[in-house]
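Everything below concerns the one structure shown next.
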Amino acid sequence: MADKTTETRTTLTRDSTRVMAYLEGVHYPADKSELAAHASQRGAPMDVLAILDNLPNKTYASLSEVNDQIEALTSETTPESF
């Protein structure tokens, strides 16, 4: 079980790190559509855009807030154990 938890945390970190890379340069506050548009303009792949598409429709005050929301979102959809 520890191995699965470690794998899940690694996946979450990798997902949020990938998304954050495409959000560099965003001027905050920014809403979900602005984040997606910025990432798209920077050439984000479909999996990154899908993560952004699943964010709650709200205005984000900072990159850190976006990161926290992505981690919360992906941890809800990634099973901790079987």
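Read the figures in this text as sums done on the coordinates, not as results from a lab. Bear in mind the structure is a predicted one, so any value in this text is a computation, not a measurement.
For ASP31, the amide hydrogen comes within under 5 Å of the amide hydrogens of TYR60, counting only partners 5 or more places away or on other chains and with H modelled in the peptide plane. Using the Karplus relation 6.51 cos²θ - 1.76 cosθ + 1.60 with θ = phi - 60°, the per-residue 3J(HN,Hα) values for the stretch 51-65 come to 4, 5, 5, 8, 5, x, 7, 7, 9, 9, 7, 7, 4, 4, 5 Hz, with x marking Gly and Pro.
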